[in-house]
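Notes for the one structure printed next.
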Amino acid sequence: MKSKKKAMVSLKGRSLLKLSDLSDAEIVYLIDLAGRLKEMKRRRMQRNGLLRKNIAMIFEKPSTRTRSACTVAAVDEGGSVEYMDIHDLHLGKKESIRDSARVLGGMFDGIMFRGFKQETVETLARYSGIPVWNGLTDDSHPTQTLADLMTIRENFRKLRGLKVAYIGDGRNNVCISLMVGCLKSGIDFVDCTPRKLMPDLKVLRQVEAIAAAHDCSLQISHQPNLAVQNANVIYTDTWISMGEEKKLAERIKLLKPYQVTMKLMDATGNLKDRRVIFMHCLPALHNSETEVTRQTGALEVTDEVFEAPFSKVFEQSENRLHTIKAIMVATLSREELI
Ligand code: CP
Ligand code: NVA
């Protein structure tokens, strides 16, 4: 009788530039590894998976979670990090990205990059010769999606067969990566967004192909109340991504009907049976305690939903640590230390 062997996964030396770089098995592998690392941290087990590994963090945009997760993950595993604000670097100003990549590749073991253009993270990976991880670009937020999938699996004990409804800016980095990650995991996905904020045609063709290959459904909707029916996860993100601050007034007008409210959560039909959770990558504009919302009030989600027991946003943010750690360990560590 043939034995069913688990497919061998090795990510050693690899970069993570967008979610579709990962095979279905690699996604599962990273979530499993993150779960093991989470448990070991809970038990305060000493690990040295990144001993003597030096990690560069290049950030063109602000960050609370990704930056913290990267630092704590590396230190937990015995490695060290250097945080580099883009204003302190020559990168792309007095030195080409290609040249900086080759310099950094000669000194560091891995690079976490957050910035604007996807092309920058790809150039860093091509020329540095070391693993480069995308900590968010305008197009993509793959490390976020791994934490999201981990959180969904922790809450439902499975991924395949669930339904995720994303409500809001339907063509931003978080939405596109989440869509790819969900479809690759067998989760039905609805992107509920105004016509003006739909993903472009090229992206749509790609995700449709992923949905077809994974036997799950992908819908674009403009009707929040219908889109959320039977959903297990209601997910939203900011209406103004970093770099789009000038579009605030326009976005509020466009997206006000897409705000996640208690009524919308109830329209899933799953609230009473506790078969639905609320998720947000954060930061969220849900009360009047920020510079932006002192003027506008809550935007993408009401405070009531954000603070409800079914809101899993802080589980999600903690999982950023465990999943980023899993990525670093899997791509940099020796097999026996994984
Ligand atoms: N979700 C996320 O990427 O958060 P930060 O912008 O704080 O890193
Ligand atoms: N779409 C948001 C995500 C923030 C984590 C942005 O790019 O600003």
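The values are calculated or read from the model by the stated rules, or taken from the named source; none is laboratory data. Only a predicted model underlies this, so the values are computations on that prediction, with no experimental measurement involved. A quick note on method: Cβ atoms are made from the backbone with ideal geometry, for glycine too, and the neighbour counts reach across all protein chains shown. The area values use the complete protein model at the heavy-atom level, side chains included, leaving out ligands, DNA and RNA. Shrake-Rupley method; radii C 1.70, N 1.55, O 1.52, S 1.80 Å.
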Legend entry - Accessible area of the chain divided out per residue, in Å², using a probe of 1.4 angstrom: 48
Inset, instruction - Set Lys and Arg Cβ to +1 and Asp and Glu Cβ to -1, take the dipole of the chain about its Cα centre, and tell me which of A209, L124, N134 lies farthest positive. - result: A209
Legend entry - Assigned charges on the beta-carbon of Lys, Arg, Asp, Glu; region 181-320 dipole about Cα centre (debye): 380
Inset, instruction - Would you mind computing, in nm to one decimal, how far apart the modelled labels at K61 and N230 are, each placed 7 Å from Cα along Cα→Cβ? - result: 3.4
Inset, instruction - For region 144-316, count the residues as N, evaluate 2.2 N^0.38 Å, and divide the Cα radius of gyration by that value, please. - result: 0.96
Legend entry - Share of carbon and sulfur in the accessible heavy-atom surface of the chain [1.4 Å probe, %]: 51
Inset, instruction - Please state, rounded to one decimal and in Å, the Kirkwood hydrodynamic radius that region 1-137 gives when every pair of distinct Cα atoms enters the mean of 1/r. - result: 16.2
Inset, instruction - Any chance you could give the angle, 0 to 90 degrees and rounded to 10, that helix 201-213 forms with the longest Cα principal axis of the chain? - result: 90
Legend entry - C-alpha long axis of helix 173-184 to longest principal axis of the chain, angle in °: 90
Legend entry - Computed FRET value (nearest 0.05) for R160 with K253, which takes r as the C-beta separation and R₀ as 41 Å: 0.60
Legend entry - Helix axis angle, 24-42 relative to the chain longest principal axis, alpha carbon, degrees: 80
Legend entry - Charge dipole magnitude, Cβ of K and R +1, D and E -1 - the chain, Cα centre, debye nearest 20: 940
Legend entry - Global geometry of region 42-111, whether rounded, prolate or oblate, following the gyration tensor of its Cα atoms and the 1.5 cut on a/c: oblate
Inset, instruction - Determine the equivalent ellipsoid of the chain by diagonalising the alpha-carbon gyration tensor, then write out the semi-axes as square roots of 5 times the eigenvalues, largest first, rounded to whole Å. - result: 31, 24, 19
